[in-house]
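Here is the structure we will look at, set down as structure tokens.
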Amino acid sequence: MTELKKELAATLEARRELGPEYEAALVDSFVDKVDTQVRRRLAEERLLQARGGGPAGHGPAGPVSAFGERFGFAIVTLVLAVPLSAIGVTQGIGGLVATWAGIVGVSLAHTGRLRRPSRHTP
């Protein structure tokens with residue numbers, strides 16, 4: 001997570017230096033980096049599961065990895081909610097409401113995906 005903290009700090013510093021007109025591009029860049037990091041971790045976790053191991057070699061991955069995914073998603077959502085809210089509020093209260101509706105919608109969709117039973121269980 002240290003890498004993402006450094007990226008966020010660099011993004012915020014760039015925003016201070018460049019000004020609000022570059023905010024959307026900076027947020028998009030940071031979101032892409034977070035997405036890449038999350039995909040990489042999920043791929044590593046799936047590889048461990050395929051090999052029969054879990055996180056840190058503690059047996060098959062199960063509820064703990066689902067909790068880790070939910071927790072990571074919640075942290076990323078909260079971190080990204082701040083700059084997205086700042087962008088949304090530039091369009092007035094309607095923009096802020098639309099931004100948060102999107103955040104809540106993505107969170108609900110993610111929660112529904114986690115609760116669905118797997119189709120390919122042995």
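The values are calculated or read from the model by the stated rules, or taken from the named source; none is laboratory data. The model shown is predicted, which means the values in this text are computed figures rather than measured ones. No Cβ is skipped: glycine too gets one built from the backbone with ideal geometry, and neighbour counts run over all protein chains shown. The area values use the complete protein model at the heavy-atom level, side chains included, leaving out ligands, DNA and RNA. Shrake-Rupley method; radii C 1.70, N 1.55, O 1.52, S 1.80 Å.
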Among the residues of segment 15-46, what is the count of those that are within 16 Å of Leu80 (Cα to Cα) and small (Gly, Ala, Ser)?
3
Just the residues that are among the polar types (S, T, N, Q) and open to solvent by less than 70 Å² (accessible area, probe 1.4 Å), please, taken from segment 1-50.
Thr11, Ser29, Gln37
Residues in segment 1-23 that are under 17 Å from the mean Cα position of the chain (by Cα) and in a helix (DSSP H, G or I) total 9
Is there a residue in segment 76-99 that is more than 20 Å from Arg15 (Cβ to Cβ), at pLDDT 85 or above, open to solvent by 80 Å² or more (accessible area, probe 1.4 Å) and part of a helix (DSSP H, G or I)?
yes
